[in-house]
Amino acid sequence: MLTKKSGFAVVFGVMLFLLPVCISITSVYAQEKPADNSATTLDNLMTAYNVEVNANARYIAFSKKANEEGYDIAASLFRATAAAEQVHYERHGEVIKKLGGTPNAIIETPVVNSTTENIESAFRGEVYEKDLMYPAFLKQAEKEKIEDAIDAFEDAGAAEGVHAELYAGMLKNLTISRGLSKDFYVCPVCGNAVDAVTSAMCPICLTDTKKFKRVR
């Protein structure tokens, strides 16, 4: 069924780095596991909260490394997606509290490698969330008919797809981008991230793009 969530990656602006790139998407973080079919939506929200908090910390660490290596655009992209993951975990946290839970995360020390390796790592994480984690969580939320969780999982999963494409393009263009700078823009509602605002509304959640946060 076609919804407002569909087609977001191709209709929103001209993403400078959204170019074809051959990257394997079959491998994901070794520590990530398929969703537990016995888990409740509250359990899944807690898992997603922990994943997003750690992604935020990881991307902030990656941005510092990218700046050190002279990849300022990559650093900006890491900061933008860090801001997007914060949008996600804050939203998940609100739903957790509505369901009577308490948001909690175990923050792991980020493993920082070269910027190229960090982009590859970020790409794999985004693909995992888009293709495995959020679809499984969404299915359970729909089964339990928890609308706030359904909306949060739909929006986050869609945004992760955009992030993955941005990382794929950044990896393709990393060398030629060195020494350059660029702004990115983040939706404060769904965590969508773009490098050019060319539409009046966010294609994922329909938020006015005037509310997007500029990140460099």
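Readers should treat all values here as calculations from the given coordinates under stated rules, not as data from a laboratory. Fair warning: this is a prediction, and the values are worked out from it, not measured in the lab. In this analysis, Cβ positions are derived from the backbone assuming ideal geometry, glycine residues included, and neighbour counts consider all displayed protein chains.
Give me the one-decimal nm value for the distance between modelled label points at T109 and L132, 7 Å along each residue's Cα-to-Cβ direction.
A separation of 2.6 nm, rounded to one decimal place.
Using the Karplus curve 6.51 cos²θ - 1.76 cosθ + 1.60 with θ = phi - 60°, work out ³J(HN,Hα) for each residue of segment 94-110 in order, rounded to whole Hz, and write x for Gly and Pro.
Going residue by residue, I get 5, 5, 4, 5, 4, 8, x, x, 10, x, 8, 9, 9, 7, 8, 5, x Hz, with x marking Gly and Pro.
Can you tell me the order of 174-187, 127-140 when each peptide is scored by its average per-residue count of other Cβ atoms within 10 angstrom, highest first?
Packing proxy ranking, top to bottom: 127-140, 174-187.
If the limit is 20 Å between Cα atoms, which of K97/K145; K65/K182; K65/K210; K98/K143; K182/K213 go over it?
Working: K97/K145 17 Å; K65/K182 17 Å; K65/K210 31 Å; K98/K143 18 Å; K182/K213 14 Å.
Correct reply: K65/K210.
Working out 0.36 nm times the residue gap between A200 and D43, then minus their Cα-Cα distance, what length gain in nm do you get to one decimal?
Numbers: separation 157, 0.36 × 157 = 56.52 nm, distance 3.57 nm.
This chain segment gains 52.9 nm when fully extended.
With labels modelled as points extended 7 Å from the Cα through the Cβ direction, what inter-label distance (nm, one decimal) is found for K143 paired with T175?
Modelled inter-label distance: 4.8 nm.
What percentages make up the Cα-Cα pair-distance distribution of segment 25-159 when the bins are 5 Å wide from 0?
It works out to 2, 11, 20, 23, 19, 12, 8, 4, 1, 0, in whole percents.
Tell me which residues come under 5 Å, amide H to amide H, from M201 once H is placed; ignore anything under 5 positions away on its chain.
When sequence neighbours closer than 5 places are left aside, the close amide H contacts are T209.
Normalised by the number of residues in segment 63-119, what is the relative contact order in percent for Cα pairs under 8 Å and 6+ residues apart?
37
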